[in-house]
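A.B. asks: Before I ask anything, here is the structure I am working with.
The values are calculated or read from the model by the stated rules, or taken from the named source; none is laboratory data. Just so we're clear, the structure is a prediction, and the values are computed from it rather than from any experiment. All Cβ positions, even for glycine, are placed from backbone atoms using ideal geometry, and neighbour counts span all protein chains on display.
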Amino acid sequence: MITRYSNLNPDQQNKVLALIASATDVDGIPPVAEDVLLHLRHGGDKEDFHLLAEENGEVLGYAHLDLTDEVEGPSAELVVSPAHRSKGIGDELIASVKSYAGETLRLWSHGDLPGAKNLAEKNGLKHSRTVIQMRRSLTDPIPEIDSKIPIRSFLPGIDNESWLKLNNEAFQGHPEQSNWSDRDLAIRTKEDWFNPKGFLIAEINGEIAGFCWTKVHGGHIHKHSDGESEHDHDPIGEIYIMGVNPNFQGSGIGKAVTIAGLKHLRYEGIFSAMLYVDADNTSAINLYTSLGFKEWGRDVLYRYSLTQ
């Protein structure tokens, strides 16, 4: 049975997070995006809600639906317990999501896994957008930073306003990165992974010319249920967000701050790095390729419309 919840109680929240962690271990990639995890952990002020497939107190599947984007339409992500796949739970979740979404729906498939592709296409969703995950080893040589570009660490509380202004200018119209508010920044800087030393700022004549925000995944011991043994994951660094001030485009800022981010991660003892980039962002892909990144995997956005 699929049940809709505006908010999850602590027990439901923990069960959903355990379900996501279990699917991540099996599939090798998180089944939902970071903003969904943040909403699960911190709550949200957006018009979003949760759909749970439950049986005898166990959460077998989960879907998150966000109705806030009036331009692009409702967006959903879902995950089914690895132990309960191929039983129709995914179809039930999509049917339920469609009933609440109305005439249009966007559905993300992280990792472009065959099962997710089949599920989407079987339910009438068509491919719309692809995001590439790229990786590189940090044991390989990292280029030197242009000495003419001064780089420092982000100063929480001091840089917030100017950074938000630049971020929203640099990513204007971007489906995830545009229109950030003080709260969007605050909840991320309160996460356990946040390290201001890994948030690199290129400042020229008192103006932020560009930035590279890094984060580290894994490297901690955890377990998904009381009956499961503890295990850990090798840590991996991420070029979380990299942006350049439009006034400084073509000045080598993007390359300099990305190199600074890679060097920071290596200094922290991390041996590999990853990032995400839209498949049609040729200039960014060329930059990352020149810095040793190679394609690792893909996330796919599927769309559904009653009028298609």
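A.B. asks: Which ones in region 132-179 are in contact (Cβ under 8 Å) with a residue 12 or more places away in the chain, farther than 30 Å from Leu113 by Cα and either in contact with a Cys (Cβ under 6 Å, 6 or more places away or on another chain) or in a loop (DSSP other than H, G, I, E, B) (or both)?
C.D. replies: Ile142, Pro143, Glu144, Ile145, Asp146, Ile149, Pro150, Phe154, Leu155, Pro156, Asp159 - these are the residues of region 132-179 that are in contact (Cβ under 8 Å) with a residue 12 or more places away in the chain, farther than 30 Å from Leu113 by Cα and either in contact with a Cys (Cβ under 6 Å, 6 or more places away or on another chain) or in a loop (DSSP other than H, G, I, E, B) (or both).
A.B. asks: When you look at Leu113, is it touching a Phe, Trp or Tyr at 6+ places or on another chain (Cβ under 9 Å) and not basic (Lys, Arg), yes or no? Reasoning before the result, please.
C.D. replies: Working: touching a Phe, Trp or Tyr at 6+ places or on another chain (Cβ under 9 Å): no; not basic (Lys, Arg): yes.
No: the conditions fail for Leu113.
A.B. asks: When Thr68 is evaluated against the numbered criteria (1) within 20 Å of Tyr302 (Cα to Cα); (2) loosely packed, with under 14 Cβ neighbours inside 10 Å; (3) under 16 Å from the mean Cα position of the chain (by Cα), which criterion, by number, is the only one it fails?
C.D. replies: Single failed check for Thr68: (3).
A.B. asks: What are the residue pairs meeting all of these: first residue in region 1-29, first residue under 26 Å from Gly111 (Cβ atoms), second residue at pLDDT 95 or above and part of a loop (DSSP other than H, G, I, E, B), Cβ atoms under 6 Å, and 6 or more apart or on different chains?
C.D. replies: Leu19/Ser81
A.B. asks: Any idea how many residues of region 225-249 are at pLDDT below 60 and either surrounded by 17 or more Cβ atoms within 10 Å (Cβ to Cβ) or not assigned by TED's automatic domain parsing to the domain that holds Lys190 (or both)?
C.D. replies: Total satisfying the criteria: 0.
A.B. asks: When only residues in region 98-109 that are under 21 Å from the mean Cα position of the chain (by Cα) and either assigned to a loop (DSSP other than H, G, I, E, B) or of a type in the set (A, V, I, L, M) (or both) count, which is nearest to Leu119 (Cα to Cα)? Show your work before the answer.
C.D. replies: Going through region 98-109, the residues under 21 Å from the mean Cα position of the chain (by Cα) turn out to be 105-109.
Still in the list and also either assigned to a loop (DSSP other than H, G, I, E, B) or of a type in the set (A, V, I, L, M) (or both): 105, 107.
Numbers: Leu105: 14, Leu107: 11 Å.
That would be Leu107.
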